[in-house]
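Visitor: Pasting a structure below so you can have a look.
The values are calculated or read from the model by the stated rules, or taken from the named source; none is laboratory data. As the structure is a prediction and not an experimental result, all values here were calculated from the model. Cβ placement follows ideal geometry from the backbone for every residue including glycine, while neighbour counts extend to all protein chains displayed. The area values use the complete protein model at the heavy-atom level, side chains included, leaving out ligands, DNA and RNA. Shrake-Rupley method; radii C 1.70, N 1.55, O 1.52, S 1.80 Å.
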Amino acid sequence: MEPVPVLSIAGFDPAAGAGILADLRVFGALGLYGMAVVTAVTAQNTEDVTAVYPTEGDAIATQAETLITDIPPVATKTGMLASKEAVESVAAFAARDRLGRLVVDPVLASSSGAVLAEEGVLGAIRETLLGCCELVTPNLDEAGLLSGMEIVDRESAAAAAQVMRKLGAANVCITGGHWHEAPVDLLVTAEESIFLEGKRIGGERTYHGTGCFFSAAIAAYMALGESTGVAVRKAKKYTEAALRSSIRPGKGMAIPWLGSGLNHETSETNL
Ligand code: PXL
């Protein structure tokens, strides 16, 4: 059987910890045919982002149009969208139902604190992209910015998720890796609002690319036909497994990794 096509619309991190190279690794490991539209080239390593060069003019629309007319993706994830125009361009494809099932990872800053999105990106995601996605996966900071709320506890996280649903996101998963205590993800769909408990993995290690890994895995499982709820649960297990065997290829942050054990089965336990 031909592999299922899945698309990442995201930035390029040459160190492969985040962005397109990380997404494609996840897609390939799960047996999918991974494709990518580049929204920005970054200069970075595992320690620092030193420059961001957003793709120019209509490069995103032209890449997407040319690709999709040939190979329509069954699911798509968006990551770094550096400009308002980039967000609007992607939303136009989504609104015409050309991206398949859409997961929006609203990347605004890197784990090291570098700003990855220009002014106007947040507003454009709220106004154009949330309304056409099946799932949005903000971290706590991004959820606070998208909802305009201060998230300090589980109750305020739940309220913020409802605001994002009112803004048009069919389903919301607020990732809690940055909570001070145990990392807890909040999943809110039409059917359920549930806190998915997790364990802090790796103690003091700081990771790069965890959000990319998680949202790529969700899109992959959706492309394989899972419901949003099951895709999120499987992707969470998969990401936890990748954090347990994370690597430090450089001098800086660790990245999620499963090496040759990066396969479909790893995530099937304890669902
Ligand atoms: O982790 C967020 C992220 C997403 N995409 C790209 C990045 C980063 C963080 O550095 O470089 C391309």
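Visitor: Could you tell me whether the stretch 125-133 includes any residue that is more than 24 Å from Gly225 (Cα to Cα), touching an Asp or Glu at 6+ places or on another chain (Cβ under 8 Å) and within 14 Å of the ligand (Cβ to nearest atom)?
Guide: Looking for residues that are more than 24 Å from Gly225 (Cα to Cα), touching an Asp or Glu at 6+ places or on another chain (Cβ under 8 Å) and within 14 Å of the ligand (Cβ to nearest atom), one finds none in the stretch 125-133, hence no.
Visitor: Which count do you get for residues in the stretch 119-151 that are surrounded by 18 or more Cβ atoms within 10 Å (Cβ to Cβ) and of a type outside the set (A, V, I, L, M)?
Guide: Looking only at that region, the number is 11.
Visitor: Given the criterion part of a helix (DSSP H, G or I) and modelled with pLDDT of 95 or more, identify the matching residue among Ile194, Ile218.
Guide: Among Ile194, Ile218, only Ile218 is part of a helix (DSSP H, G or I) and modelled with pLDDT of 95 or more.
Visitor: Quick check, is Val4 within 11 Å of the ligand (Cβ to nearest atom), modelled with pLDDT of 95 or more and either closer than 19 Å to Leu99 by Cβ or surrounded by 17 or more Cβ atoms within 10 Å (Cβ to Cβ) (or both)?
Guide: Spelling it out, it is not the case that Val4 is within 11 Å of the ligand (Cβ to nearest atom), modelled with pLDDT of 95 or more and either closer than 19 Å to Leu99 by Cβ or surrounded by 17 or more Cβ atoms within 10 Å (Cβ to Cβ) (or both).
Visitor: What single numbered condition from (1) more than 10 Å from the ligand (Cβ to nearest atom); (2) within 18 Å of the chain's Cα centre (by Cα); (3) surrounded by fewer than 18 Cβ atoms within 10 Å (Cβ to Cβ) fails to hold for Gly31?
Guide: (2)
Visitor: Now for a separate question. What residue, among those in the stretch 114-126 that are touching a residue at least 40 places away in the same chain (Cβ under 8 Å) and part of a helix (DSSP H, G or I), is nearest to Asp13 (Cα to Cα)?
Guide: Selected residue: Val121.
Visitor: If you don't mind, another one. I'm trying to understand the selection: among the residues of the stretch 196-222, which are more than 16 Å from the ligand (Cβ to nearest atom) and of a type in the set (Ser, Thr, Tyr)?
Guide: Tyr221
Visitor: Test of understanding: among Leu30, Leu67, which residue is within 23 Å of Ser260 (Cβ to Cβ) and in contact (Cβ under 8 Å) with a residue 12 or more places away in the chain?
Guide: Within the list Leu30, Leu67, the selection yields Leu30.
Visitor: Here's another thing I want to ask about it. Out of Ala40, Ala61, Ala36, which single residue is closer than 19 Å to Ala86 by Cα, in a strand (DSSP E or B), open to solvent by 20 Å² or more (accessible area, probe 1.4 Å) and modelled with pLDDT of 95 or more?
Guide: Only one candidate qualifies: Ala36.
Visitor: Exactly one condition in (1) within 18 Å of Ala254 (Cβ to Cβ); (2) in a loop (DSSP other than H, G, I, E, B); (3) within 20 Å of the chain's Cα centre (by Cα) is false for Cys212; which is it?
Guide: Going through the list (1) within 18 Å of Ala254 (Cβ to Cβ); (2) in a loop (DSSP other than H, G, I, E, B); (3) within 20 Å of the chain's Cα centre (by Cα), Cys212 breaks only (2).
Visitor: Could you tell me whether any residue of the stretch 146-165 is of a type outside the set (A, V, I, L, M, F, W, C), assigned to a loop (DSSP other than H, G, I, E, B) and in contact (Cβ under 8 Å) with a residue 40 or more places away in the chain?
Guide: No, the stretch 146-165 has no match at all.
Visitor: Which ones in the stretch 2-28 are over 14 Å from the mean Cα position of the chain (by Cα) and in a loop (DSSP other than H, G, I, E, B)?
Guide: Matches in the stretch 2-28: Glu2, Pro3, Val4, Asp13, Pro14, Ala15, Ala16.
Visitor: Tell me which of these Met80 doesn't satisfy, since it passes every other one: (1) assigned to a loop (DSSP other than H, G, I, E, B); (2) more than 17 Å from Val121 (Cβ to Cβ).
Guide: So Met80 meets the others, but not (2).
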